[in-house]
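The values are calculated or read from the model by the stated rules, or taken from the named source; none is laboratory data. A quick note: this is a predicted structure, and the numbers were derived from the prediction, not measured. Here Cβ is always computed from backbone atoms with ideal geometry, including for glycine, and neighbour counts include all displayed protein chains. Side chains are part of the model used for accessible areas, which takes the heavy atoms of the whole protein and leaves out ligands, DNA and RNA. Shrake-Rupley method; radii C 1.70, N 1.55, O 1.52, S 1.80 Å.
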Amino acid sequence: MKHRGFQRALTLLTTAALCAGTTGVFAASGINADVNQDGSANKQDAASLFSHLTGQGNAPGAADVNGDGKINAVDLSLVKHELMFPSQIIDPPGPTIPDYGTPPNTSATLFADFRTGTGPSSFIASKGWTNGDPFDCAWYEENTSLDGGFLSLTIDGKRSSSYQADRGYSAAEYRTVENYSYGYYECSMQAIKNDGVVSSFFTYTGPSENNNPWDEIDIEILGKDTTKVQFNYYRDGQGGHEYMYNLGFDASEGFHTYGFDWQPDHITWYVDGKEAYTTWGNMPVTASKIMMNVWPGITTDSGIISWLNRYNGNTPLTARYQWVTYQQSASQGQQGQQGQQGQQGGTTPSGFTDYGTKMNANATMVSDFSSGSAGDFFASDGWTNGNPFNCGWYKGNTKISDGCLQLTIDRDYTGKYAYSGAEYRTNKFYSYGYYETSMQAIKNDGVVSSFFTYTGPSDNNPWDEIDIEILGKDTTKVQLNYYKDGQGGHEFMYDLGFDASEGFHTYGFDWQPDHITWYVDGKEAHTMWGNMPNTPGKIMMNTWPGIGVDEWLKPYNGNTPLTARYQWVTYQSK
């Protein structure tokens, strides 16, 4: 009677799994039905697994037959099939994990793609040691895997080794061979959900590396609550900078992208391309290894238990990583799609929604027009640039009102020019660094809304310029360009994925000696390498109608007034 009850429950569980679509017909390659690891595959393996699923016993050592990080009826159905049809060997499916993150920057300084199934030469598995407290484990290469289209790092039972004599479990860690410094670091990760454990992505160096100081930057997802992520850093062994960020999703349910931009004076963390948190101060300075690890915390330490909750000994537990990237010197270099799901949101005093990223209030130069101040800017007044600008510049066409700077194209009521335009420029000159503005552009054929740096003969300098120009004929695109000593021709048209006239977005560029990288709402849009501008320029914005450039801008129809709006401009020195 007991046997018939077991068989009926077994049938119900496996039928439910099959009806749910979680199993199917798999290619032949073999599975291991010896889930209790006693040396033979028999009904006792199925009975042990069934007992666990019905809450009557502990999970057998190899109960996760299909390796998806879960022990459920799918595993039981696979064992049953193998016992009933040993000649029909089936291959359990690898876990299907949704990817909610942003794509990798395949052109980054370092791109380690674990999805290829082979270990990149830039990374190695830690093996043969333990870190001691608070890690109740030692690191084993055997706990790492590149099967299934990702890197798997697994917490498992204790292995036999001298260096694990006082540790309860085995765990896994991947680290780069080389050390890396300032720049943007990012990974695609699916974390473990289980009390007492941590899934991580971080940089680290310390005394074990040529007696370096302990410098570290952390992204840690605590298994006790995978709807949050903890950020932290250490400078010369001094930590205590923990910040807990609410993700708005469960990090154990799929892949998401997690990154940080490490600069000399600040660190900014990102989640799925969205800026999450910035901290300023005494930052790490020592080049470090890029690392990921999974580990259980010591269960006899009250402080660790308070932080992680008590680890319940569940094994195996696996975190997965699809790729890791590092972009050198990528100031403000986060990846990902932000677009209309921007950082700030909400209607501004001007009546337009802000879809962009937050202003860096601690930048080297901040001109916050939303505060009513012009900052380091003044209005161009009383002259014209000639073709292709079919206007003169008038201070009267500029206004700081309704929480923004307004630059307006209008008629020229003096009769001196066909139209009047508006331009703002800084008093000072600025060189290498990150430039950014929050702008709402004009939508109208024949006109341009811009943000750029410029210097030229009027400053007794060569003509050097870096451009962000939104053409009113199509405000779903932005044109990027630069000039070095009067030589241009580097135009690149980038599809925004939104209409720049419908709200505020952030547009920026990182100007370095050998390259320029442009960003939109914090997302890297385009990078150019080569003979870059090298003369400090003034930061400028203007709005103007064209003449003689109908093929580029389309003919201007004379509509007035037309206004572009800017909430702020920032510059962060290199």
What strands (runs of 3 or more DSSP E) lie completely within region 455-554 and have 1 or more residues being farther than 28 Å from Asp412 by Cα and open to solvent by less than 40 Å² (accessible area, probe 1.4 Å)? 464-471, 477-483, 492-495, 503-512, 515-520, 523-529
Residues (in a strand (DSSP E or B) and either among the aliphatic types (A, V, I, L, M) or open to solvent by less than 10 Å² (accessible area, probe 1.4 Å) (or both)) located in region 401-422: Cys404, Leu405, Leu407, Ile409, Ser420, Gly421, Ala422
Could you tell me which residue of region 269-302 is farthest from Thr203 (Cα to Cα), considering only residues that are open to solvent by less than 40 Å² (accessible area, probe 1.4 Å) and in contact with a Pro (Cβ under 9 Å, 6 or more places away or on another chain)? Ile298
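Conditions tested, residue by residue: (1) modelled with pLDDT of 95 or more; (2) aromatic (Phe, Trp, Tyr); (3) closer than 18 Å to Phe452 by Cα.
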{"site": "Asp464", "(1), (2), (3)": "yes, no, yes"}
{"site": "Val478", "(1), (2), (3)": "yes, no, yes"}
{"site": "Ile516", "(1), (2), (3)": "yes, no, yes"}
{"site": "Gly530", "(1), (2), (3)": "no, no, no"}
{"site": "Trp544", "(1), (2), (3)": "yes, yes, yes"}
{"site": "Tyr556", "(1), (2), (3)": "yes, yes, no"}
{"site": "Arg565", "(1), (2), (3)": "yes, no, yes"}
Quick check on my filter: what residues within region 350-385 are without any contact (Cβ under 8 Å) to a residue 40 or more places away in the chain and part of a strand (DSSP E or B)? Trp383
Which members of region 68-92 meet the condition of being at pLDDT below 70, under 40 Å from the mean Cα position of the chain (by Cα) and open to solvent by 40 Å² or more (accessible area, probe 1.4 Å)? Asp91
Check Asp445 against each of (1) of a type outside the set (Gly, Ala, Ser); (2) in a strand (DSSP E or B); (3) surrounded by 16 or more Cβ atoms within 10 Å (Cβ to Cβ) and name the one condition it does not meet. (2)
Could you please let me know if Ala63 is part of a loop (DSSP other than H, G, I, E, B), at pLDDT 70 or above, buried (at least 18 other Cβ atoms within 10 Å of the Cβ) and touching a Phe, Trp or Tyr at 6+ places or on another chain (Cβ under 9 Å)? no
Residue identified as modelled with pLDDT of 90 or more and under 27 Å from the mean Cα position of the chain (by Cα) among Thr325, Thr348: Thr325
Just to verify a result, which residue in region 174-206, among those that are in contact with a Gly (Cβ under 9 Å, 6 or more places away or on another chain) and open to solvent by 30 Å² or more (accessible area, probe 1.4 Å), is farthest from Asp301 (Cα to Cα)? Lys193
If you go through Ala171, Ala138, the only one that is open to solvent by less than 20 Å² (accessible area, probe 1.4 Å) and over 27 Å from the mean Cα position of the chain (by Cα) is Ala138
When you go through (1) among the charged types (D, E, K, R); (2) modelled with pLDDT of 95 or more; (3) exposed (fewer than 14 other Cβ atoms within 10 Å of the Cβ) one by one for Arg425, which number turns out not to apply? (3)
Go through region 141-166 residue by residue and tally those that are aliphatic (A, V, I, L, M), within 23 Å of Thr300 (Cβ to Cβ) and surrounded by 15 or more Cβ atoms within 10 Å (Cβ to Cβ). 1
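Within region 164-258, considering only strands (runs of 3 or more DSSP E) that don't extend past its boundaries, which have at least 3 residues that are of a type in the set (A, V, I, L, M)?
Counting at least 3 such residues, we get 215-222.
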